[in-house]
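> One structure is given below, represented as structure tokens, and several questions about it will come after.
Just so you know, all these numbers are worked out from the coordinates, no wet-lab data involved. Fair warning: this is a prediction, and the values are worked out from it, not measured in the lab. Positions of Cβ are generated from backbone atoms using ideal geometry, with glycine treated the same way; all protein chains shown enter the neighbour counts.
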Amino acid sequence: MGMKEILEEIDKDIADVVGTNFIHNLTSIVPNLEDVGLTYERGQEKKGKLINTCVLFVDIRNSVALTEKHHTQTMGRIYTAFTKAVLKVARYHGGHTRNIIGDRVMIVFPCENCCTNAVDCAISINHIAKNIINKKIVGIDFKCGIGIDLGELRVIKVGIQRRGTEKGENKGLVWVGKPANIVSRLTDNANKTFKETLYKVERYPFNPFRFPQLLHSIYGLGALKQPNTSPYSPIKQSVIMSSEEFAKEVTINSSGKFDMLGGKFISFKRNEITYDYPSILITEAVYKGLKKDNATRNDILGGLWKEQKHNIKDVSGKIYGSNLNWKVS
């Protein structure tokens, strides 16, 4: 087959995917590659699955730095030990491993008790990293980050049919939905230290009496009788801004002095803050599900899941975190 023929075949494949209907049947069981309810044959209606459940991602922290510092044989042992441990403990907690990409593992849980099972699995993984791998492999500072979200996932099978040893390497499952994206973000941030620059800005805000139309919209017709006064309020205002917000607000005028879009600039103070995310991060949906099913658990009653005060990119809603591991006698 020449280049022309392979490109024509791919063109037909893409036209088939674009022009054929996809349906997603509801399931409570985690799909796998051999699921007869998943299809990708040409010319047929494409069948996928729809599942509302918990998904967990885990990966090794500072894997690049560890690789640069330690011998490749040591890293091979670390990856082997960690991945094998994660697969075993995932199965123990009822989870199904659905992706292993480098040092990142994806685990999906059946719908029933998924919040409890996913959180318990995360605690077990954290325990293994902290209390087993770190003690068995001397001279490393081994850490992992874990994220969990709950929500709707659409599962489709992708790839091509091959025979022989390449059969499994040419097909896979794609998990489409917000939870997969959210949990990836959580995992990226879990068990990491971040530095952030904040600016405390002192300014005189704009005086609303300078703008009668604005006053009218807020206070009614009586506001229009107020005289126009100074463009700035006499009451000083303190505002905390991120670096991005500060850059957007502050300008330099023709005299070389600072100006502000939001008022009359007085001064600013730059502060560096450092904060740590715990090793396990979960969304509010997971926390509520855990709490609903386990109102008397020690981690719920003891307030061991702390709301995180710093925003994570592309993640809306509350995030809870913990460094929990098991107390094994």
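> Being more than 24 Å from residue 131 (Cβ to Cβ) and either touching a residue at least 24 places away in the same chain (Cβ under 8 Å) or over 18 Å from the mean Cα position of the chain (by Cα) (or both) is the filter here; which residues of the range 310-329 pass it? Quick ask: steps written out before the conclusion?
Residues of the range 310-329 more than 24 Å from residue 131 (Cβ to Cβ): 310-319.
Hits for the range 310-329 are 310, 312, 313, 314, 315, 317, 318, 319.
> Another question about this same structure. Of the conditions (1) free of Cβ contacts under 8 Å to residues at least 24 places away in the same chain; (2) touching a strand residue (DSSP E or B) at 6+ places or on another chain (Cβ under 9 Å); (3) under 27 Å from residue 177 (Cβ atoms), residue 258 clears all except one; give me its number.
(3)
> On the given criteria, is residue 191 part of a helix (DSSP H, G or I) and polar (S, T, N, Q)? Write out each step before concluding.
Working: part of a helix (DSSP H, G or I): no; polar (S, T, N, Q): yes.
Taking the combined requirement at face value, the residue does not satisfy it.
> Something else about it: If a residue has to be more than 18 Å from residue 109 (Cβ to Cβ) and either part of a helix (DSSP H, G or I) or not small (Gly, Ala, Ser) (or both) to count, how many in the range 285-298 make the cut? Write out each step before concluding.
So the first thing to find is which residues in the range 285-298 are more than 18 Å from residue 109 (Cβ to Cβ), and the list is 295-296, 298.
Then keep just the ones that are either part of a helix (DSSP H, G or I) or not small (Gly, Ala, Ser) (or both); that gives 296, 298.
Adding up the residues that qualify gives 2.
> Would you say residue 146 is over 23 Å from residue 319 (Cβ atoms) and in contact (Cβ under 8 Å) with a residue 24 or more places away in the chain? Lay out the reasoning, then the answer.
Numbers: over 23 Å from residue 319 (Cβ atoms): no; in contact (Cβ under 8 Å) with a residue 24 or more places away in the chain: yes.
So residue 146 fails the test.
> From the list 259, 276, pick out the single residue that is more than 35 Å from the chain's Cα centre (by Cα) and acidic (Asp, Glu). Before the answer, list the steps.
Details: 276 fails: more than 35 Å from the chain's Cα centre (by Cα).
None of the others qualify; the one that does is 259.
> If you don't mind, there's one more thing I want to ask. Scanning the range 129-163 for residues that are part of a loop (DSSP other than H, G, I, E, B) and of a type outside the set (A, V, I, L, M, F, W, C), which turns out nearest to residue 51 (Cα to Cα)? Before the answer, list the steps.
Here is the first cut: in the range 129-163, the residues part of a loop (DSSP other than H, G, I, E, B) are 137-143, 160-163.
Applying the additional criterion that residues be of a type outside the set (A, V, I, L, M, F, W, C) yields 139, 141, 143, 161-163.
Values: 139: 42, 141: 37, 143: 31, 161: 25, 162: 28, 163: 30 Å.
Result: 161.
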